[in-house]
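Okay, so here's the structure we're looking at.
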């Protein structure tokens, strides 16, 4: 492998579903580095640490990566709320039959 190349892993099954947020964040970092190359180099030349030079880019990329997970959790929470009443009791009568 040549220096500067990023290895890409191919995973199947459950692992590939969990890779999605990571791949979104990594894509954001790599595309952001190309887009903001001059700004990052300028920060480093002015004495910023690598962590400081990349901080904005990393923050945006992590945010981009976790949005799908947050959306999935909010959908699950909404379903849980519909299956319980105001006293927290399970209400299976609110569950529709499969195929109905």
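Values quoted throughout were computed directly from the atomic coordinates according to the rules given, and no laboratory measurement underlies them. It should be emphasised that the depicted structure is a prediction, and the values quoted were computed from it without experimental measurement. Virtual Cβ from ideal backbone geometry, glycine too; neighbours counted across all protein chains shown.
How would the range 14-84 be classified by its alpha-carbon gyration tensor: rounded, prolate or oblate, with rounded meaning a/c under 1.5 and the a/b versus b/c comparison settling the rest? Prolate shape, in that a/c is at least 1.5 and a/b is the bigger ratio. I need to check one value: relative contact order of the range 27-100, counting alpha carbon pairs closer than 8 Å and at least 6 residues apart, in percent. With pairs under 8 Å counted, the relative contact order is 23 percent. Note on residue 60 and residue 46: the model spin-label points, each 7 Å out from Cα along the C-beta direction, lie 1.7 nm apart.
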